[in-house]
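Down below is the structure, laid out as C-alpha cells.
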Amino acid sequence: MSRRKRWQNVKGTESRVTEPRERLMAVGVSLGAHVVAPFLSRASGDAPRDILILRLDRIGDVLMSLPALRALRDAAPKARIRLAVGEWSREIARDAAVDEVLIWSAPWVGRSDEGALSVREVFTKARALRQATPDLAIDLQGDVRAMWLMAATGARTRVGYANTGSAALLTEIVELNEDVNCVEQNYRAIEKALGVTVPRNPFRWIDGDGRVRGRQRMAASLFEAGIHRRGPLIGLHPGAGRSIKEWPIERFVELGRRLVHEKAATLVLTGSAGEAGKTAAIRKALPGATLDFAGKLTLAGSAEMMTACDAFVSCDTSAMHFACAMGVPSVAIFGPSDPVRYFSGGPSGFNSGRRHVALSPELWCSPCNLIRRPPEECDALPSPECLTLITTEAVFEATLSVLES
C-alpha cells in the first residue's frame, strides 16, 4: 500500500510509472517492443484515409475527448474515423464525431459485470482490423497496453504517449504535460497526429431538444412527487465510483439541508444503481424536498435531467464532466486528484460559457493522484483528510456563487 506523497506532474517523455514492480514490468515490456518494432508497418506519407482512435478508459475520459474528436473530423473530413471504447462508454460514444464505434472492453479498465472482455479477446478484435489496416491509430489515454493494441491492428502510423514504456511501438510521440487540462491535452494529441493546428471551439454535449426534454421530464417528475418548486433546482451527486474520491455523505446532507432551509431549494439526486444507497440517505434526511433519480435513468436521460438544474454539486467523477460539458453551473469537490488536469470546466476545458468552480484542499500531499492504490492511512478512513478538509460552508458558498453567475 502506498504512503502519502504529493504527485509530481510529468512532462515530455518522463515515466508516469511510480511503483517499483510496475517499473520493472514496463522495462521488460519495452524490451519486447524494441524486438517487435522493426517488423511493424511504417507511414506512407499520404494523408490518412482510415483513422482509429483508442479511448478505452472511463466515461468521463471519453467525454473529455469529444471536442478533440470533433476537431479531428473537421480537419480530416474525408477520412473514415473509428473510435474504440469500452462497453461502459458505448452510450456516450454515440455522440462522437466518428463514422463507427468499436467496442473493445479492456479488462484492465472495467469489470466482467460491466462487459469487460479477456485480454485475448480484445487483442483478437485489434488483429481483425488488419483486413482493413488503419493508416493512422491514435491512443488518447497513454497506456502501454493500448500501444500494443495499435501495433496489433497493423496501423502504419501509431501516435501516442511514451510515459508508460514501449515507445518503440510508436511512429510519433505526443509530449505529455500534466500541467495542462485533459481536454487541451487531447487537442494536442490530434494536432501531433495530423501535423496541423486545430481550433479550440466551445463545446456543448447536450443542447436544444435534449434540454427541452430535460425540463419537461423534470416538471413531470416534480408533479408526480407532489413537490411545488419555490426556489432553485440543485443537483447533488454524492458518488464518485471510488470511496477515496467521495466527500462524506453527511456533508452532502448538511449542504442539502442548508440549501432547502435557506434557499427553498429542491434537490435533484443523481447516481448509478450502485450509488442508490447514498442518495437514499440524503432523501431520508430531507423528505419532501428531494427527487431521487439514482439508478432510474439512462446516461443520456440523466444528463438531460441535469440540464434542468440551476446548479450541480459533485465530486471528481463523470457527472462533473457532464455538468461542465452541458453548461450547467457547477461545483466540483476535489481531494486526491488534480483539478488543474481533471476539472473540465472553464476556458481550458469545455469552455461551455457558464460558471464552474473546483474546490480543493490546502494540504501538503494533495493532489497525490493515488486513486488506484491510495495511502493506507487514507484508505482506512471513510473519507480521506483531503476531502474532509473541504467544509460544508465552502461548498455552500460556492454553490451560491454559481447560482448567481
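The values are calculated or read from the model by the stated rules, or taken from the named source; none is laboratory data. Quantities reported herein were computed from a predicted structural model and do not represent experimental measurements. Every residue, glycine among them, receives a Cβ derived from its backbone with ideal geometry; neighbour counts consider all protein chains shown. Just the protein is used for accessible areas: all its heavy atoms, side chains included, with ligands, DNA and RNA removed. Shrake-Rupley method; radii C 1.70, N 1.55, O 1.52, S 1.80 Å.
Please work out if Glu178 is more than 29 Å from Ser65 (Cα to Cα) and acidic (Asp, Glu). Here the answer is no, as Glu178 does not meet what is asked.
Rundown of residues vs (1) in a loop (DSSP other than H, G, I, E, B); (2) touching a helix residue (DSSP H, G or I) at 6+ places or on another chain (Cβ under 9 Å); (3) within 26 Å of Gln131 (Cα to Cα); (4) in contact (Cβ under 8 Å) with a residue 12 or more places away in the chain, yes/no style:
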site	(1), (2), (3), (4)
Leu52	no, yes, yes, yes
Gly60	no, yes, no, yes
Pro67	no, yes, no, yes
Pro77	yes, no, yes, no
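Restricting attention to the stretch 117-147 and to residues that are more than 18 Å from Glu191 (Cα to Cα) and charged (D, E, K, R), the residue that is most open to solvent (accessible area, probe 1.4 Å) turns out to be Arg120.
Scanning the stretch 201-219 for residues that are modelled with pLDDT of 90 or more and open to solvent by 90 Å² or more (accessible area, probe 1.4 Å) returns Arg213, Arg215, Gln216, Arg217. Which of the numbered conditions does His261 fail, given that it passes all the others? Conditions: (1) open to solvent by less than 30 Å² (accessible area, probe 1.4 Å); (2) free of Cβ contacts under 8 Å to residues at least 40 places away in the same chain. Here His261 meets the rest and fails (1). Filtering Ala189, Ala155 for residues that are touching a Leu at 6+ places or on another chain (Cβ under 8 Å), buried (at least 20 other Cβ atoms within 10 Å of the Cβ) and assigned to a loop (DSSP other than H, G, I, E, B) leaves a single hit, Ala155.
Residues of the stretch 226-242 being surrounded by 13 or more Cβ atoms within 10 Å (Cβ to Cβ), within 24 Å of Arg258 (Cα to Cα) and small (Gly, Ala, Ser), which ones? Within the stretch 226-242, Gly231, Gly235, Gly239, Ala240 meet the criteria. Consider the stretch 328-373 and keep the residues that are part of a loop (DSSP other than H, G, I, E, B) and among the β-branched types (Val, Ile, Thr). The one that is surrounded by the most Cβ atoms within 10 Å (Cβ to Cβ) is Val328.
Of the strands (runs of 3 or more DSSP E) lying entirely inside the stretch 219-322, those carrying at least 1 residues that are within 24 Å of Arg58 (Cβ to Cβ) and of a type in the set (A, V, I, L, M) are 233-237, 266-269, 311-315.
Out of the residues in the stretch 278-298 meeting the condition of being among the aliphatic types (A, V, I, L, M) and touching a Ser or Thr at 6+ places or on another chain (Cβ under 9 Å), tell me which one is most open to solvent (accessible area, probe 1.4 Å). That would be Leu297.
Candidates are the residues of the stretch 263-274 that are within 17 Å of Gly241 (Cα to Cα) and at pLDDT 95 or above; the one that is farthest from the chain's Cα centre (by Cα) is Leu269. Scanning the stretch 11-52 for residues that are among the basic types (Lys, Arg) and surrounded by 12 or more Cβ atoms within 10 Å (Cβ to Cβ) yields Lys11, Arg16, Arg23, Arg49.
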